[in-house]
Amino acid sequence: MAQFSLVSASVGLITLQNPPVNALSAVLRQGIVDAVEKALCDPKVKSVVICGQNGIFCGGADIREFGTNMRGPPLIPMIHAIESANKPMVAAIEGSALGGGLELALGCHYRIAHSQARLGLPEVTLGLLPAAGGSQRLPRLIGVPAALNLITTGRHVTAAEALQLGIVDQVTDHNTVDAAVKFSQSVAGQSLDGRRISTYPCPVQPNLDAFFEEAMLKVRQSARGAIAPVACVQAVRAAATLPYAQGMKREKELMATLFTSGQARALQYCFFAQRAVGRWSTPSGGRWDTSKPRPVHTAAVIGLGTMGRGITVALAQTGLSVVAVETQVKQLTEAKQAVSGMLERGATRRGAAPTPDRITYSENIQAVAGADLVIEAVFEDMALKEKVFRQLSDVCKPGALLCTNTSALDIDHLASQTRNPELVVGMHFFAPAHVMKLLEVVYGPRSSSQAVATAMQLGKKMGKISVAVGNCRGFVGNRMLKPYLEQAFFLLEEGATPELVDRALEDFGFPMGVFKVSDLSGLDVGWRVRKADGMVESGLSTGPSARIRQGRRYSPLGDLLCEQGRFGQKTGRGWYLYDKPGGRVSKSDPWLHSFLEEYRVQQGLVARRVDQQEVLERCLFALINEGFQILEEGIAAGPEDIDAIYVFGYGWPRHRGGPMFYAGMVGLAKVMERLDHYHQAHPDEPSLQPCSLLRRLVASGKKLHSQL
């Protein structure tokens, strides 16, 4: 609802009331219409201030109403009524004005913002565009380049930047409503002809056609197949080239196309999935999120390599006291400098004051004795981690949580090295740990609900999307990645090139193909893991037996490249060629193509034509099939958990909703049919055999997601 009141003899106050973010639901829109009419009809009211309850102006449209028969007054006529009012309408912006909330504010004649407020038009992140006049008013107010940047990226701006751009008229550190009331009194009775943004001519942009051609090219490249950013460019172009009424018509047409698209459904699913994973549960469906987390005042990190440094920064940015331990003196010195630089750069990016240095460094593990929670981030070696956990069990105070950053090792085995296995959980960060949003919180059979709750809450405090998963080799993300990588290797054996595989995956929407990612992270990383697992045999053997390891098909291509010293970007050679060690620009490598041809001859393989469709089906459907197996085993509580992990940790394109959502969009029957097809052709690849859960769902006609 919207409450109307008089705050002085002449100022009417309309307060938006729809917690938690005052979303523009049907009820709230009706309340605004009624309150505006009341204010305009009251002769005592000379000006009007619109504000939001509980320190938030308006978070935008109510997404829960999407896909339903929209009730209540439409948003566009409501905003037009506000803009055409004959009394000054002033938006008092606190907290946030996002999406429809900012469009509402743009319909007002003036905007006063609190210094801590944030503003933006994030509709593009939901597969939409700002279709309540935002794509038409904002370019008229701040110019085409600035508006295009905000609308196509959906980024939020601070009040200071909004003032600089010209979105708001005034910024205050004091009570925003009081400032808006005072301001509204000062402009009461003045002409409003120059304050209605819809009447502004769009600022002239030199070389308009060339500007939009270049803008469209850049957006298409960055969008990687997403259609909403492209539509946003088209809408802004309409603002720059058409009268307001015609621009609004074009905005409506573009929105109609987006609103019913599969991409919009996928992006909105991601929005809700991101929130759903925080309400975690046991695999059997029992709720765990009601467990009260333990307080964490001091956290410790053991091991200050790349991951340990990132984790230290992520913890320090929350304001916690952090104890950072590294037994190697040289590495400890380097880590201090690196962490300090990362904190400074992070503060600069956020436009904030540097994080107070509450990090204590030590070479001695005894320094963690007083910590409430310890995160082990040493080298991925089980024997080394066993030793660390035995030490932590002796050193740490009673009740301290012991966490491991392992990406694949057995959490329950590590817990067995301690006196209190119920206090052990996994906290699997993704590199760089202070930047990447995903955190897999891994629980073993003996992990207490309170320990998991504490790790989940700490992840949230660090700004992570925390997903609780069960204990198995590779957990969820890396376990599903294994068949995906295997199929990419097998496709090379059968006739594909790294360029073909990567192009197919990048055209699908991944930021980088599998072989470019391998070169970036280093081929030697996976090589060490395969050696530890006993998968690597030295030298180029011949015959089919060379491609069987532990009873299943295996491709030694990555191992053979590592034996040649080709570790990727770090050596200037990997699956691609680089200008120098550490180079970033990949080029096709004739040597690699010759190597693949020689390998096929020695292995008795006949190259065939592989197309992009086969690349996608074999790589993605093998990954999805493993996801179904994970659901069947109860390692993940639901498909949303898997999708959140892949969108926020592995670069899965958001506009495709995550692998399990994508399977539903393709059709589970189609996924099963193609897996069956490829498994018949490759019976020695178990990852291509549809798992029983997938078969049962197809047989019953049931869907995996209620949103489909």
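The values are calculated or read from the model by the stated rules, or taken from the named source; none is laboratory data. Bear in mind that the values here come from a model prediction, so they are computed numbers and not experimental data. Backbone-built Cβ (ideal geometry, glycine too); neighbour counts: all protein chains shown.
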| query | Are any residues in the range 357-388 under 32 Å from the mean Cα position of the chain (by Cα), within 24 Å of residue 440 (Cα to Cα) and surrounded by 20 or more Cβ atoms within 10 Å (Cβ to Cβ), and if so, which ones? | reply | 371, 372, 373, 374, 375, 376, 377, 378, 385
| In the range 160-167, is there at least one residue being at positive phi, in contact with a strand residue (DSSP E or B) (Cβ under 9 Å, 6 or more places away or on another chain) and not aromatic (Phe, Trp, Tyr)? | no
| Close pairs (7 angstrom Cβ cut-off, 6 or more residues apart or separate chains): β-branched (Val, Ile, Thr) in the range 1-29, part of a strand (DSSP E or B) and surrounded by fewer than 19 Cβ atoms within 10 Å (Cβ to Cβ) anywhere | 15/3
| said: List the residue pairs whose Cβ atoms are under 6 Å apart, where the first residue sits in the range 62-78 and is aromatic (Phe, Trp, Tyr), the second is outside any loop (DSSP other than H, G, I, E, B) and at pLDDT 85 or above, and the two are 6 or more positions apart or on different chains. | reply: none
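Conditions tested, residue by residue: (1) aliphatic (A, V, I, L, M); (2) at pLDDT below 95; (3) in contact with a Phe, Trp or Tyr (Cβ under 9 Å, 6 or more places away or on another chain).
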| site | (1), (2), (3) |
| --- | --- |
| 465 | yes, no, yes |
| 476 | yes, no, yes |
| 483 | no, no, no |
| 491 | yes, no, no |
| 499 | no, no, yes |
| 504 | yes, no, no |
| 519 | no, no, yes |
| 525 | yes, yes, yes |
| note | Residue pairs qualifying under the 6 Å Cβ cut-off, at least six apart or on distinct chains, with the first in the range 324-335 being over 7 Å from residue 304 (Cβ atoms) and the second being at pLDDT 95 or above and of a type outside the set (Asp, Glu), are 325/302; 325/362; 325/365; 325/367
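Got a sec? Which of 264, 231 is closer than 23 Å to residue 75 by Cα, touching a Ser or Thr at 6+ places or on another chain (Cβ under 8 Å), part of a helix (DSSP H, G or I) and not assigned by TED's automatic domain parsing to the domain that holds residue 445?
On the way: 264 fails: touching a Ser or Thr at 6+ places or on another chain (Cβ under 8 Å).
Only one candidate qualifies: 231.
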| request: Read through the list (1) over 20 Å from residue 406 (Cα atoms); (2) touching a Leu at 6+ places or on another chain (Cβ under 9 Å), then give the number of the only condition that residue 312 fails. | output: (1)
| said: Which of the numbered conditions does residue 609 fail, given that it passes all the others? Conditions: (1) under 32 Å from the mean Cα position of the chain (by Cα); (2) outside any helix (DSSP H, G or I); (3) surrounded by fewer than 18 Cβ atoms within 10 Å (Cβ to Cβ). | reply: (1)
| query | Do we find a residue being of a type outside the set (A, V, I, L, M), under 19 Å from the mean Cα position of the chain (by Cα) and not in a loop (DSSP other than H, G, I, E, B) anywhere in the range 662-678? | reply | yes
| field | Meets criteria (under 18 Å from residue 605 (Cα atoms), at pLDDT 95 or above, surrounded by 15 or more Cβ atoms within 10 Å (Cβ to Cβ) and not assigned by TED's automatic domain parsing to the domain that holds residue 689) for residue 561 | value | no
| task | State whether one or more residues within the range 547-558 are in a helix (DSSP H, G or I) and closer than 27 Å to residue 647 by Cα. | result | yes
